[in-house]
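Participant: The structure follows.
Values quoted throughout were computed directly from the atomic coordinates according to the rules given, and no laboratory measurement underlies them. Here the structure is a predicted model, which means the values were calculated and not measured.
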Amino acid sequence: MLMKHTSGRFCVSQVEMAAAPAATFAIGSTGSLGQRGSSLPQSRSFGLKFNSQNPLKSFCGLKAMSSVRCESELSFLGNKSASALRASFASKAQKEKGQNFNYQLQPQASYKVAVLGAAGGIGQPLALLIKMSPLVSDLHLYDIANVKGVAADISHCNTPSQVKDFTGASELAKCLNGVDVVVIPAGVPRKPGMTRDDLFNINAGIVRDLVSAVADNCPGAFIQIISNPVNSTVPIAAEVLKQKGVYDPKKLFGVTTLDVVRANTFVAQKKNLKLIDVDVPVVGGHAGITILPLLSKTRPSASFTDEVVEELTVRIQNAGTEVVEAKAGAGSATLSMAYAAARFVESSLRALDGDGDVYECSYVQSDLTDLPFFASRVKLGKKGIEALIPSDLQGLTDYEQKALEALKPELKASIEKGIAFAQKQAVAA
């Protein structure tokens, strides 16, 4: 099984189960690390490969051989530090007399994560990916139906977190009690011919009710909204939290990571770049023309003709429709969305765990523009958003500046629609 992503702290690179005579367990780490003299973070990767005959306790049953390998290409350690690290491990290995060498990295599994809408097309693969995180101690899966089987299935994976299922409104409070991160993919998916706004009437009510329960049971949790239309559902969530007196703008996120994932993928393919190196900030919102990939800010630096900029921008903006049409009525972008959301969850957990260098793009309350909500790169910390990163919006190309101004009216309308819905519901109540 191969798995790598640009923001997770730990990832399984190659694993064989305990029944195998010899296996390898890899722990990889990447972070967005700023270089000296630069205000803009950029992604770097680092990996340690630990091989041991003894079980890695934090992954109950995974075994490996007796060696250590440092994978330091593009490492934030640099060549000298990586060499020093190798020498240090080699020295310790000699002292342990060869085969007895057994050093283990055991991240502390101490965070509770709830997935609301866990039986759906996004919720199931998302729950599976979160189950893989060594930072999660408890994984709570909620839906109005069919979640018991999902939880039973995922609970068999031999990773640290304990999985519990919760069905229906009567069990929602128990699901949310003491949770650190709440992810909300609940709602109906897009179908061919539907826009995100077509989903509004159904999904707006779902988000309102779920966020209300979050406010009552775990008001200090990071709240991550996937349910579309995100441009409206995040403002709805903010209004509900305000009405409950527990709104913390630093802990409410619209998950727009999929736009970044797509931008990175498409740019890497177009420019024949190593994908793990590519980082394209995406700002604005999470629908159509409100999605604005800042190709001029691509790292590593890359040049694009005007035609390629237009082509890539349009494809990134319409990538969701591309999947909806390809599935021909059988669903929307569920798997890539689950992957992107799992990346954002993992980044959040790293920040909660004290990693001081975690950056992601997200749709949040913002003062970077004249709009109250805006997607941009943010720095995450233990208490949520530590800083908005304004540098991405400085020195834009003419194309990007015009696109930024063009998206504002549509995004403004979506924000106002969400706020009006929440306020109307409050008055009716």
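Participant: Determine the distance separating the Cα centre of region 237-264 from the Cα centre of region 203-221; give it in Å without decimals.
Facilitator: One Cα centre to the other: 12 Å.
Participant: For region 109-429, what's the radius of gyration and Dmax over Cα atoms, in angstrom?
Facilitator: Expressed in Å, the Cα Rg and Dmax of region 109-429 come to 18.7, 56.
Participant: Another one. Would you kindly give the portion of the calculated P(r) for region 151-289 that falls above 17 Å, as a percent of all Cα pairs?
Facilitator: Of all Cα-Cα pairs in region 151-289, 67 percent lie more than 17 Å apart.
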